[in-house]
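Have a look at the structure below, then the notes.
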Amino acid sequence: MEWTESGRIISVRGHGETSAIVEILTRDHGRHAGLVRGGRSRSMRPVLQPGNRVQAHWRARLDEHLGNFQIEAEDLSAGALMEDPLALSGLNAACAVAVAGLPEREAHPAVADGFEVLVSSLDESGVWPAIYVQWEAGLLADLGYGLDLRKCAATGHTDDLVYVSPRTGRAVSSGAGEPYKDKLLALPGFMTGQGALRSGDVQAGLILTGYFLERRVLWPSDRVLPEARLRMIDRLAAAGMV
Amino acid sequence: MNQASGPEIERLIQLLAKLPGLGPRSARRAALHLLKKREQLMEPLAEAMGEAAAKIRACAECGNLDVTDPCAICASQRRDPKVICVVETVGDLWALERASAFKGRYHVLGGVLSALDGIGPDQLNVAKLIERAGREETSEIILALNATVDGQTTAHFIADKLEGASVDITSLARGVPVGGELDYLDDGTLAAAFKSRRPA
């Protein structure tokens, strides 16, 4: 059993004194773990940082084995983000959500592509928070819990969609949702392509995707939203970006 | 269990095998060596270990390990009390002491934020650091944490926590190491080195 593919590292933990168990988000093999022998060496440590893109060659005798990775660096972008606390919080949150939310060894090409776009945009602070929200929405959709934001669940209208039903995940228009607005979740315009990014939109988007991620993806397996995501929201709030 | 040796030797081997760097085979070699050098090595070692276990404790001030509390560094009048260097582990403190590059005091965090290892802010020795930073004598906090994603996430977290304190918060520089060749440096280090360039 073996394959070679590019992917972004999403988690690294030490194994013994010299090795590391690394999880990589790849397009065709999904979230995949493997052992990197010598992964805690001086030369490998800079490579094995979350967010770095690497070419991984995975090999195991049987498919169900953990297997060994041979890693080669492709794009070591994590180092460039370390000075930027906001970008680093976004990277940590995305990695933690990917680890918590994605099943192992299940291909989710759209999620992997989105993750690539997100990590590549982390140096643009005005852009990436909205991309992060879209990535989480895409992750929900890929896992089968997608939000239906095409038309109003009550009237069928395709415009003026400003709410989402917390029960069904379907969009609700302004008029139809007005009597129940306290119980509905806010739907920011940029998520439906019906408007530019406005103040408060990222926060609304994070509340929306966080609500469904927690209830649909994490709670059934007795987990909660990662602390790294909460820290990112705090940091975005402190920077006045939500 | 090995039939050739008694339970005492087996227990010794099992305990030695739990030490870093030792597996069952090397633990067996170490046990044999200790038994062979009973008077010169085994008995003094047992005595030293007993004494260390009884006397060494964590300093309530900084988290360093020493036989006194506060530790020798915190108690020393020759160290600058105005500057506190924050490190992840006692091993990092020892590394900085070996370099003799710092003459202030330390604060050992006891780890870094790590979602995978379940280490959150509550598991770190941050409350004491905030208290120390608030003291009148403190003027600078140096964040000497590892240049890893977890290490720098923790550094930013601590910098946020110390925002209200009237101290300078600095961090170690990153760049080309002594003896480093540009050709072999990773992209992140090179980028950091360029960002931190200074007049020659």
Q.
Need one value for A:14-23: mean number of C-beta atoms belonging to other chains within 10 Å of its residues' C-beta atoms.
A. 1
Q: With 5 Å bins from zero, work out the P(r) of the range B:65-171 over every alpha carbon pair and list the percent per bin.
A: 2, 12, 23, 27, 20, 12, 4, 0, 0
Q. Can you give the percent of C-alpha pairs in the protein assembly as shown whose distance is more than 43 Å?
A. 27
(Q) Give me the dipole magnitude in Debye, nearest 20, for the protein assembly as shown about the Cα centre, with unit charges on the beta carbon: positive for Lys and Arg, negative for Asp and Glu. (A) 880
Q.
What value in Å³ per residue do you get for the convex hull of the alpha-carbon atoms in the range A:1-124?
A. 96
Q: Determine the shielding of peptide B:33-46 by partner chains: average, over its residues, the number of Cβ atoms on other chains within 10 angstrom of each Cβ.
A: 0
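Could you give the dipole magnitude of the range B:7-55 about its Cα centre, charging the beta-carbon of Lys and Arg +1 and that of Asp and Glu -1, in debye to the nearest 20?
Working: 9 positive and 6 negative charges, 61 e Å.
The calculation lands at about 300 debye.
Based on DSSP, what percent of beta bridges with both residues in the protein assembly as shown are antiparallel, to the nearest 5? Show your work: numbers first, answer last.
On the way: 37 of 53 bridges.
Bridges in the protein assembly as shown that DSSP calls antiparallel: roughly 70 percent.
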Q: Give, rounded to the nearest 20 debye, the magnitude of the charge dipole that chain A has about its Cα centre when Lys and Arg contribute +1 at Cβ and Asp and Glu contribute -1 at Cβ.
A: 460
Q: For the protein assembly as shown, please report how many Lys pairs fall under 27 Å Cα to Cα, leaving out neighbours fewer than 8 apart on the same chain.
A: 15
Q | Per residue convex hull volume, Cα atoms of chain A, in Å³ | A | 127
Q: State the answer as a single residue: which of A:V127, A:F115, A:G79 lies farthest towards the positive end of the charge dipole of the protein assembly as shown, with beta carbon charges of +1 for Lys and Arg and -1 for Asp and Glu, about the Cα centre.
A: A:G79
Q: Would you tell me the mean number of C-beta atoms belonging to other protein chains that fall within 10 Å of each C-beta in B:188-194, as a whole number?
A: 4
Q) Relative to the longest principal axis of chain A, what angle (0 to 90°, nearest 10) does the C-alpha long axis of helix A:109-120 take? A) 90
Q: Compute the distribution of all C-alpha to C-alpha distances in the range B:7-55, in bins of 5 Å from 0, and list the percent of pairs in each, rounded to whole numbers.
A: 5, 22, 24, 28, 17, 3, 0
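Report the longest stretch of chain B that contains none of the trypsin sites (Lys or Arg not before Pro) sitting in a DSSP loop with at most 16 other Cβ atoms within 10 Å.
Details: sites that count: B:K18, B:K37, B:R78, B:R79, B:K103, B:R135, B:R197.
The reported range is B:136-196.
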Q. With springs only between Cα atoms under 10 Å, which of B:V90, B:V176, B:V126 fluctuates most in a Gaussian network model of chain B?
A. B:V176
Q. Looking at B:P24, B:Q40, B:A54, which one has the Cα that reaches farthest to the positive end of the dipole of the range B:7-55 (charges on Cβ: Lys, Arg +1; Asp, Glu -1)?
A. B:P24
Q) Between the helical axis of A:201-212 and the dominant principal axis of chain A, each derived from Cα atoms, what acute angle in degrees is found, rounded to the nearest 10? A) 70
(Q) As a test of the formula, what do you get for the protein assembly as shown when each DSSP H run with n ≥ 4 contributes -39,500 (n - 2.57) and the sum is divided by the residue count, at 222 nm and rounded to the nearest 500 deg cm²/dmol? (A) -10500 deg cm²/dmol
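What is the projected area of the convex hull of the Cα atoms of chain B, averaged over all directions, in nm²? Write down the numbers at each step before the final one.
Values: hull surface 67.2 nm².
Mean projected area of the Cα convex hull: 16.8 nm².
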Q) Which of the peptides A:19-30, A:38-49 is most tightly packed, and how do the rest follow, judged by the mean count of other Cβ atoms within 10 Å per residue? A) A:19-30, A:38-49
Q: Under 12 Å from the Cβ of B:H156, count the other residues' Cβ atoms, weight Lys and Arg +1, Asp and Glu -1, and hand me the total.
A: -3
Q. With a Cα-only, solvent-free Debye model of the range A:104-242, what are the log10 I(q)/I(0) values at q = 0.10 Å⁻¹?
A. -0.33
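Coordinate-derived values only; no laboratory data. Treat the numbers as computed from the prediction; the structure is a model and nothing was measured. Positions of Cβ are backbone-derived with ideal geometry, glycine not excepted, and every protein chain shown enters the neighbour counts.
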